1. Starting from the Cα of C:Lys81, draw a straight line to each of the aspartates and glutamates and keep only those under 17 Å, dropping any in the same chain fewer than 8 residues away.
2. Would you kindly work out, in nm and rounded to one decimal, the distances from the label point of F:Gly22 to those of the same position in each other copy, ordered shortest first, with label points 7 Å along Cα-to-Cβ?
3. In whole Hz and in residue order, list the ³J(HN,Hα) couplings for the stretch F:46-59 that follow from phi through the Karplus curve 6.51 cos²θ - 1.76 cosθ + 1.60, θ = phi - 60°; x for Gly and Pro.
4. Considering the rotational relationship between chains E and D, which residue of chain E contributes the beta-carbon of minimal distance to the axis, and what is that distance to the nearest Å?
5. In nm, what does the list of distances from A:Ala140 to its counterparts in the other copies look like, shortest first, when each label sits 7 Å along Cα to Cβ?
6. If you average the C-alpha positions of the stretch C:84-101 and of the stretch A:18-57 separately, how far apart do those two centres end up, in angstrom?
7. Enter the accessible area per residue of the stretch A:1-55 (Å², integer; probe 1.4 Å; all protein chains in place).
8. Just check the stretch C:57-140 against the gyration tensor rule for me: Cα atoms, a ≥ b ≥ c as the square roots of the eigenvalues, rounded for a/c under 1.5, and otherwise prolate or oblate depending on whether a/b exceeds b/c.
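The values are calculated or read from the model by the stated rules, or taken from the named source; none is laboratory data. It should be emphasised that the depicted structure is a prediction, and the values quoted were computed from it without experimental measurement. Don't worry about glycine lacking a Cβ; one is built from the backbone with ideal geometry, like all the others, and counts go over all protein chains shown. Please note that ligands, DNA and RNA were not included when accessible areas were found on the heavy atoms of the full protein model with its side chains. Shrake-Rupley method; radii C 1.70, N 1.55, O 1.52, S 1.80 Å.
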There are 6 protein chains.
Amino acid sequence: MTDTDESERRARGRQALREIHGPLGEEVVARLGRIAPDFADHLIDYAFGDVYARPGLDRRSRQIATVAALAALGNAEQQLKWHIRGALNIGISRDEVIEILIQMGVYGGFPAAVRALTAAGELFEELDIAAAEELRQDDA
Amino acid sequence: MTDTDESERRARGRQALREIHGPLGEEVVARLGRIAPDFADHLIDYAFGDVYARPGLDRRSRQIATVAALAALGNAEQQLKWHIRGALNIGISRDEVIEILIQMGVYGGFPAAVRALTAAGELFEELDIAAAEELRQDDA
Amino acid sequence: MTDTDESERRARGRQALREIHGPLGEEVVARLGRIAPDFADHLIDYAFGDVYARPGLDRRSRQIATVAALAALGNAEQQLKWHIRGALNIGISRDEVIEILIQMGVYGGFPAAVRALTAAGELFEELDIAAAEELRQDDA
Amino acid sequence: MTDTDESERRARGRQALREIHGPLGEEVVARLGRIAPDFADHLIDYAFGDVYARPGLDRRSRQIATVAALAALGNAEQQLKWHIRGALNIGISRDEVIEILIQMGVYGGFPAAVRALTAAGELFEELDIAAAEELRQDDA
Amino acid sequence: MTDTDESERRARGRQALREIHGPLGEEVVARLGRIAPDFADHLIDYAFGDVYARPGLDRRSRQIATVAALAALGNAEQQLKWHIRGALNIGISRDEVIEILIQMGVYGGFPAAVRALTAAGELFEELDIAAAEELRQDDA
Amino acid sequence: MTDTDESERRARGRQALREIHGPLGEEVVARLGRIAPDFADHLIDYAFGDVYARPGLDRRSRQIATVAALAALGNAEQQLKWHIRGALNIGISRDEVIEILIQMGVYGGFPAAVRALTAAGELFEELDIAAAEELRQDDA
């Protein structure tokens, strides 16, 4: 990732990444960047800048499409958790996420849905623990 | 499919099927029913009655999830076309469908997106021809 | 899962679940029920009650079909282990399971078979350890 | 395929191929042999001779495993039809085949099951037409 | 595809497309462009310009990787044929293509390899017929 | 694996296994052999002896094909790592491996590429740690 090439695509991609995934987005991309810096750029420039940031479909619909696809493919637990978190960030509710995953049992099979729901359950628990921890620290 | 067992699930499933897929929905189910009548019932009762008709997620979001999943799985051309048609029926625009399929290139790979877009292109053409034909008949 | 709605499907599904998976079956469903109670119901009512409990195919054949499918799909290690355990519960031998998994190398590829056989090996070891532990406790 | 190398594996594989697929088996292998003769040999020697012909699992169970796997993978219509035909050849009934495919809706998703059932329906119709044709010729 | 935006990525992508796929490459992209012009641009700019044209791996290795992946995925017959043709264009022999596809039987399963080899056989025949036709016309 | 049946296929397979995977190859096969000895033989005799050892395609091309396929399939992390290690053993550079995996983002989707690159990053780190450890011991 060359700092000087902060092109329009890069800026657009970064903004979409930030809006959906918050600070965690940059972390995930940075981690990928240590292995394959150019691919980390592709992720921002192409996946987020050229595709996600396109105006023709609202962000909620895009995120639903991604969560559904990852659940149906059934082999991307980490990425599914990351994108469910992104879904929550932009206002999709936990209950709506659960609905999407239940529906994917019809398209990707029950085992894929069970794995997706288990991943969602773990994420929700992690978020609850983090929130409780934060609350505890605020009280202190 | 026993006519007498027009249970609540059946009725709910039939209505969801009709709302999304119109008269074509019944045709597809009837065709399946000639091979495996019980599974045709499962499709209505479970897939449509128990899952699609659930209140926790709006129909537009459900249909986007299905179209995205079928495009990403990349091996279900006929069903993808059927569900894109269903998406159009409930008010998702052709341009929005194209956006979903372009986005699936990121999740299911470019070849899957090319196949999905080709299927969408064929469907749009079929619909245009049918519409033109109907118009021609109305004029006569 | 509403206790009052102990319908015929539910009862039939529960019995099939118990016959194949024993007490572990209820545990797995209960765990899923904490994340998505309705989907846990679907698993019992639809997957077990409407499908597995159907009379047209013997239980041995059904369980072989499931183990084969999960091994060939190659992305469902936990569910494969659960269903191999179910296979053993209903009288399919360890050697027969190994035969099914070897055969899946032809249909799902060698890497999928290696993963499935590794999962089976882990399960067999877990069962041997549990059996030895039980024996030790009986002796005490 | 060198005629002189009629090894034990080859003989065992050919016999398994013949028992399951009848004369059609040789045709399919011959067609493949015009493109990749060595791979046609692998199919006989490895898939049929080394795997299918193994004694540790009965033929019915093996064929059920194969039909289930191909249906769940959902992208192998021709091979699925070929193996359903093989299943019928060794005494698995049409109704049992339908049961396996319905069950695969749970593991590979409803769209995969719909495709598999459609393929089965086509095959059954082809077989009925061929049988009727044969009957007509016998009468003449 | 805006003619004025003939950027460096576009030019690099176009050249890679031309080198591998010849005039057929432009045709395929043009066909896709009638359905989704922006995605046709992505194919040239991203898939060919940003990825295929990268200097770190020779073209032969890149094309082998693509043919192998499409064969193993097992659901992309048209794209596999297109990329096998590209492989032949850049000097990979028919026999080498066959070797790659046979090898994919180990990784994607025998049915995927049979489908890939059948697709290759069809392509080789189409190319032979086209070459014979051309020869006949040259003679006339 | 019977020591006495050191047939030509076995010897050829063992040599290919050793050349690509070094001592680790035997370890992996031995581990598999404790679960399913016959399948461990199939891996050596068929996958390595009958397929990998074939003369019609150079070893570099074969290993690229395998790494590409496993990355695109996206569900075989352990086997991908093993085969990337094999690729390094026969002279494919780390940078070339990264290029293959980036390219697979186009064919198997970005999430599959992210998983593959993460696996490669872990392997490279493990190899660096092992090399540093060895160096430290040589110094002592």
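1. C:Lys81 reaches C:Glu19, C:Glu26, C:Glu27, C:Asp95, C:Glu96, C:Glu99, C:Glu122, C:Glu125, C:Glu126, C:Asp128.
2. Output for F:Gly22: 4.4, 4.4, 4.4, 5.5, 6.4 nm, nearest copy listed first.
3. Using θ = phi - 60°, the values come out as 8, 4, 8, x, 8, 10, 4, 7, 4, x, x, 8, 5, 4 Hz.
4. E:Asn75, 2
5. Between copies, matching label points for A:Ala140 lie 4.0, 4.0, 8.2, 8.8, 9.2 nm apart.
6. 45 Å
7. Values: 2590 Å² over 55 residues.
So the stretch A:1-55 comes to 47 Å² accessible per residue, rounded to a whole number.
8. Values: a/c = 2.68, a/b = 1.71, b/c = 1.57.
Since a/c reaches 1.5 and a/b is larger than b/c, the shape of the stretch C:57-140 is classed as prolate.
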